[in-house]
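The values are calculated or read from the model by the stated rules, or taken from the named source; none is laboratory data. Quick caveat, the model's predicted, so the values are computed rather than measured. Backbone-built Cβ (ideal geometry, glycine too); neighbour counts: all protein chains shown.
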């Protein structure tokens with residue numbers, strides 16, 4: 001059995017890896033020069049050293065190991081067009097809830113508290129992988145968990161109303 005490390009089925013090139021390793025020590029002026037050489041354009045003014053390094057590293061790796069297949073590029077294009085043609089006309093980024101946050105929901109005059117963990121959620125001494133499982137346990141019916149806990153709303157007015165009710169404890173809280 002061959003255990004040679006590879007990327008996209010191609011063996012790892014020590015020269016490429018050495019070039020990537022050098023990027024971390026290059027000053028921003030040199031990174032900007034290297035960006036111009038590779039991309040044949042000026043780096044975006046907002047790009048600091050971190051984004052320059054990432055862009056250059058991606059370019060180097062794509063040339064050495066291959067990039068996305070034509071099919072994957074086509075699929076990404078279709079997804080972007082489909083999302084962009086939606087009502088808002090923009091990509092929506094899902095909310096991220098910090099571990100340690102507590103979501104609170106009152107259901108049938110009972111207060112339910114869920115603690116967000118790094119991988120999952122804690123509710124009544126049990127660990128769950130999704131909020132939907134907890135919402136189902138509370139209500140006895142199928143619910144969209146993030147919606148049940150007030151993390152998803154239908155419009156911006158509702159978003160602002162929910163945000164106004166959320167209290168920070170290292171993150172966000174759900175509706176009370």
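This table checks each residue for (1) under 20 Å from the mean Cα position of the chain (by Cα); (2) surrounded by 11 or more Cβ atoms within 10 Å (Cβ to Cβ); (3) assigned to a loop (DSSP other than H, G, I, E, B).
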{"position": "37", "(1), (2), (3)": "no, no, no"}
{"position": "42", "(1), (2), (3)": "no, no, yes"}
{"position": "51", "(1), (2), (3)": "yes, yes, no"}
{"position": "63", "(1), (2), (3)": "no, yes, no"}
Kindly check whether there is at least one residue in the range 78-89 that is at pLDDT below 90, surrounded by fewer than 10 Cβ atoms within 10 Å (Cβ to Cβ) and under 30 Å from residue 23 (Cβ atoms). no
Conditions (1) out of contact with any helix residue (DSSP H, G or I) (no Cβ under 8 Å at 6 or more places or on another chain); (2) closer than 13 Å to residue 60 by Cβ: number failed by residue 31: (1)
Helices (runs of 4 or more DSSP H) lying entirely in the range 91-176 (those with 2 or more residues that are at pLDDT below 90 and exposed (fewer than 14 other Cβ atoms within 10 Å of the Cβ)): 156-165
